1. Quick check on region 98-210: take the gyration tensor over C-alpha atoms, sort the square-rooted eigenvalues as a ≥ b ≥ c, and tell me if it's rounded (a/c under 1.5), prolate or oblate.
2. Give the dimensionless ratio obtained when the Cα radius of gyration of region 218-354 is divided by 2.2 N^0.38 Å.
3. Computing the accessible area with a 1.4 Å probe over protein heavy atoms, can you report the carbon and sulfur percentage for region 168-326?
4. Provide the FRET efficiency to the nearest 0.05 for the ASP496-THR422 pair, computing r from the beta carbons and using R0 = 22 Å.
5. With 29 Å as the limit, write out which pairs from LYS418/LYS480; LYS418/LYS486; LYS427/LYS503; LYS126/LYS526; LYS276/LYS503 have Cα-Cα distances beyond it, or answer none.
6. With axes computed from alpha carbons, what is the tilt in degrees of helix 495-504 against the longest principal axis of the chain, rounded to the nearest 10 within 0 to 90?
7. Going by amide H atoms built from the backbone, whose H comes under 5 Å of the H on HIS234, apart from near neighbours?
8. Nearest 20 debye, what's the magnitude of the dipole of the chain about its Cα centre given +1 on Lys and Arg Cβ and -1 on Asp and Glu Cβ?
Amino acid sequence: MARALLASFANRIAFSSPTEDETLSPARWRIEILSGLTVALALVPEAVAFAFVAGVHPLVGLYAAFIVGLITALIGGRPGMISGATGALAVVMVALVAEHGVEYLFATVVLMGILQILSGIFKLGKFIRLVPHPVMLGFVNGLAIVIFLAQLTQFRVPNEAGELTWMTGWPLVMMLGLVALTMVIIWGMPKLTKVVPAPLAGIGIVAILVIVFGIDVPRVGDMASIQGGLPGFHIPMVPLTLETLQIIAPYAFILAAIGLIESLLTLNLVGEITGKRGGASQECIAQGVANTVTGFFGGMGGCAMIGQSMINVKSGGRTRIAGVAAALFLLIFIVAASPLIEQIPLAALVGVMFMVVIGTFAWQSLTILRRVPLTDALVIVLVTVVTVLTDLAIAVVVGVIVSALAYAWNNASRIHAKTYDTPEGAKVYQVQGPLFFGSSAGFVELFDVSNDPGVVIVDFADSRVVDQSALTAIEAMAAKYAEAGKTLQLRHLSKDCHQLLSKAGQLMIDSDDDPDYAIAADYSVKTGILGAGH
């Protein structure tokens, strides 16, 4: 009976149907729980560090990692993803906390969550499909570099004046040696056994060596104490006024956008590894619910974490169990096991993250830079650099804009026309290529108004009328022919093009025997609708 109830609960939290190697057998439970433990250990220093970046107490970051991680693991769009407090959000929060205090941060996180829920309800997550693959490569590479640079802070220790300085001498040698040992264990463990996830084995073996032999290296407890109680319900202590909304709204919009972009890109990345698709809208709602709840329980908010997600996936985590286990282990660390966790050497966790960097960076992108189109190569490099220098959201937006402009320019240069004369004496322009803002100028240059006959037909069988710039270009050409005493007619309009021109009021003749706009029926153009030329 107990086993049946346990299986029922497991199937409920593993929303998606497990594949053959993901069935909830005892072996799968072991893999998922150990993977969750590994992720939880890696979450501790990250959450503490990001709390310091945001200017809040370490427990604010740890509570966010627990609550956001738990809720997104239960209802998120992709099993296997790990969410928590992230640096991308922390760097935005620091200005708000410094100027207005932590209570305004909690209120901002609540509003951020509401905005993310609305994004999920209105299915805005589907627009992540517009992110080109070169942008994804740049995102992955940039984030790998950011993760690597973040680990370098562990090689700085306070001097006598309390200032952080770089390690030197024997302490640096010991730190690098332990980091290297951890990486070797992670690399070699799968060749010996897969009973224990390699990252967990690396952390455990190095921690035992440090504790048993009393090696003097920085430990988790040197960053800050992680001891605390259960997070309590807390309404943000801010005045409910329009002025408060004006303060928190800009930050909430920025945080919501950054959180969703990073989460959805991580969702796609995990999906490529696990072979799963979809779930963008569900992930938006999950992130929103998680952040809304976090704001009411004293957390700093969060989003998907690519580093911890990669640790989970590489350790074998494939269902929601691993994410739930990671969150619960983290809570246990805070409430009951802080003295033990604080003894873990930071070198072991740095070694794990360095292996994540190696596994995350798209090394093949370095070899394909000379093989892909120049624009795509530039986008990969641009997004990587902007991610490192600024933040993920700006990098992705810049990459999408550059890719879109390059695509528009490429299509704009392709518009051309073939011409022939009909037996009735009319001249037909067979336009090829889309007619939109980028190609409208080239479209106008196709015509020879002064030398064309009295009737000119523009055949759109191999073209599409896309936007207002296209409508204006058509109207401008019709006006030029009208001024010359000639007639411009349109032929082979597809249904969507016909609707666009009809809505603009430019079609004067609608043929009764062309109900589907798929045969050669001609339409005259009404000018003066869009004010062409003004």
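1. oblate
2. Dividing the Cα radius of gyration by 2.2 N^0.38 Å gives 1.23.
3. Carbon and sulfur: 70 percent of the exposed surface of region 168-326.
4. The formula returns an efficiency of 0.25 here.
5. Those over the limit are LYS126/LYS526; LYS276/LYS503.
6. 70 degrees
7. Excluding prolines and chain starts, which carry no amide H, the hits are PHE297, GLY298.
8. 1560 debye
The values are calculated or read from the model by the stated rules, or taken from the named source; none is laboratory data. Predicted, not measured: the structure shown is a model, and the values here were computed from it. All Cβ positions, glycine included, derive from the backbone under ideal geometry; neighbour counts span all protein chains shown. Areas reflect the complete protein model, heavy atoms only, side chains present, ligands, DNA and RNA absent. Shrake-Rupley method; radii C 1.70, N 1.55, O 1.52, S 1.80 Å.
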